[in-house]
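Throughout, read-outs are computed from the coordinates displayed, never taken from laboratory work. Predicted model only: the values in this text are computed from it and were never measured. No Cβ is skipped: glycine too gets one built from the backbone with ideal geometry, and neighbour counts run over all protein chains shown.
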Amino acid sequence: NLRNLKRICNQEPTITKVQFVHLHIQSSGQQLEAVAVETASAEPNPLSVFRTSEQDPTYHSEGHSGQYYMLPPAHIQKLFPYGLPPRFQLQIKTFNEGCVMVRPPALELISYLKRADYSKPPLRYVLYGDIGTGKTMSLCHALHYCYTQGWLIVHIPDAHLWIKNCKELLPSSSRPSRFDQPIQASQWLKNFKITNERFLSKLKTTQRYVWTKRESTEKGQPLGELIDQGVNRMKSSSDVVGAVLRELKLQAGGTTEGEGAFKLAVAVDGVNALWGKTSLKKEDRTMPEELTLIHNLRKMMKNNWSGGAILTALSQTGSVFKPRSAYLPNELLGEEGFDSMEPFVPVSVSNYNEKEFESCYLYYLDRSWLQHPHSRSEEGKKELIFLCNKNPSILERLCAAL
Amino acid sequence: MAASVRHLLKPWTPSLCFARWSRYNPYYLDPDPSKDTLETMKRKQVEKYHRSPAAKRLEIECNPYTIFQQALENCKPIIGLASVQKGGKSYQVPVPLTDNRRRFLAMKWLITECRDNKHRRTHMYEKLSQELLAAFANEGNVVKRKHDLHKMAEANRAYAHYRWW
């Protein structure tokens, strides 16, 4: 009997370990089921603890943190034809679905958006963090929330593209010392039209705009005409962008009638581009004094309007003349930028924690992305953790080659 | 490369001390060109996998390493031709090839095919991945070249006795 007791005592630790793991899976399964009961959505698959069936960002909460939710394809086409990071677009194409992880910074941002008072001037939110931690993805998550709530979206996917590598730099038609970028402006207007189709016929201009001696847009015309003017006539497209932004600012919070009221979400990725130096040069190789697009965006960043929110994210990867180690708002925005953006709500984005890494790993396994047999073992997983330090973008690049 | 040439660039007098970073530094890591090919191959296969119905999914191979090994196998010729001179004339004689020679020929054909016969504006890793996927399915120019070599060897069977080794 003593021998039997000893054997049982020696065996116990293994049994408890198995039980513990089972409980762990069960508890997250219970979380999933509790959430499913709340939202009354489809039957959750007990094997996929890293996925959630809740597709509406409005109902995402702490319980969903670390789980992947699917972006509906219709929304991706309308809202994000150009806004997602290029590697993520490749991933959507490969996996035939777009899944975004619900993470604390995005949840924080969405909770602020839910509770803000929209009769006051807009709050500025700045997402900052080290390279590759998921600032753009969190911004896109929050933007998806705004889209599902029916806001008007002004999304500049990367402000750095407007201060470097521009093929054409024309002197502005309206003001002598300013410079235009017709290609970027018309590209942005086309994308703006795709995202906000339904608002274009409802909103009207409040002022007469004169483009050339023969062309002008009268007061009271729908906004769609203004945008068509900018897309067709490349020469005045940057001025059209300025006019559109001005109209939106004036009409955002104003009317309380049913038809006219809308909330404006201004989302700028790489906002530190607006106050940095440009790498563009005029034909005689001197620096341009002012760029129309940048000037209009800077005016948009000031909070002298009401009825919306300004979501921004810093970015070091596309920035010019900034060292790679700089990631804090102070360093990237510079003095001028920091003073113009102040006061703002900073939201820090960091690397994955244990649970999020686990979730990402399981997602890649599920989508049969990790093919190397060693990467599917426990040691392989530890090696991955060591190599990427749980940084999302580095993990993605590592797993691509495995 | 850098780790192997380290012994050539040690400071050769006690008073000498290197001040600058150079790519002959033993801690320099050479860039790895193979991971792009593997990634493109995997992407194409995984995309095909996710878009196909459940019945066909088991047949699609997604592991880029197995695809590469299998494609290389499919490109290796079994028998080769050697030029033998007899009685003033030189004949193409079918001859067995060693394993090394087979591997070498398969890789050489893949590389030359990608360099010469593909569109100018694509990257080498893209061209390689297309060719490897075609070879995995036993199609494409390299496998055709191997078959041509086999046919030539079969046609020249009569001269097999000219081989004396």
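Quick notes
- Cα gyration tensor category, rounded, prolate or oblate, for region A:129-204 with a/c compared to 1.5: oblate
- Pairs exceeding 21 Å between alpha-carbon atoms, taken from A:Lys164/B:Lys118; A:Lys93/A:Lys114; A:Lys114/A:Lys202; A:Lys120/A:Lys299; A:Lys235/A:Lys282: A:Lys164/B:Lys118; A:Lys93/A:Lys114; A:Lys114/A:Lys202.
- Modelled FRET efficiency - R0 60 Å, A:Val210 with B:Asp116, Cβ distances, 0.05 increments: 0.55
- Per residue, chain B reaches -15500 deg cm²/dmol at 222 nm when only DSSP H runs of four or more residues are counted, each adding -39500 (n - 2.57).
- Shielding by other protein chains, B:37-49, mean Cβ within 10 Å: 4
- Protection proxy ranking, peptides A:387-397, A:180-190, average beta carbon neighbours within 10 Å, highest first: A:180-190, A:387-397
- Highest-MSF residue in chain A out of A:Phe50, A:Phe199, A:Phe321 [GNM, Cα springs under 10 Å]: A:Phe321
- Think of the protein assembly as shown as a dipole: +1 on every Lys or Arg Cβ, -1 on every Asp or Glu Cβ, centred on the Cα centre; then among B:Pro14, A:Tyr125, A:Phe338, B:Pro14 lies furthest on the positive end.
- About the centre of its Cα atoms, chain A shows a dipole size close to 680 debye [charges on the beta carbon of Lys, Arg (+1) and Asp, Glu (-1) only; nearest 20 debye].
- Structural size metrics of region A:116-348, computed from C-alpha coordinates, are Rg and Dmax of 17.5, 53 Å.
- Reachable aspartates and glutamates from B:Lys42, criterion Cα separation under 16 angstrom, eight or more residues apart if same chain: A:Asp366, A:Glu396, B:Glu59, B:Glu61, B:Glu126, B:Glu131
- Gain in span if fully extended, B:His147 to B:Met124, counting 0.36 nm per residue against the direct Cα distance: 5.8 nm
- Each of A:Arg115 and B:Lys86 was given a label point 7 Å from its Cα along the Cα-to-Cβ line. The distance between the two points is 9.4 nm.
- Dividing the summed -39500 (n - 2.57) terms of all DSSP H runs of n ≥ 4 by the residue count of chain A sets its mean residue ellipticity at 222 nm at -14000 deg cm²/dmol.
- Cut-off 11 Å between beta-carbons: net charge of the residues surrounding B:Arg103, Lys and Arg +1, Asp and Glu -1: +2
- Local electrostatic count, A:Ala106, Cβ distance below 15 Å [Lys/Arg +1, Asp/Glu -1]: -3
- B:Ala158 versus A:Glu335: modelled label distance in nm, points set 7 Å from Cα along the beta carbon direction: 9.3 nm
- Estimated inter-spin distance, B:Cys17 and A:Glu342, nm [label 7 Å along Cα→Cβ]: 4.5 nm
- The mean count of C-beta atoms from other chains within 10 Å of the C-beta of residues in A:364-376, rounded to a whole number, is 3.
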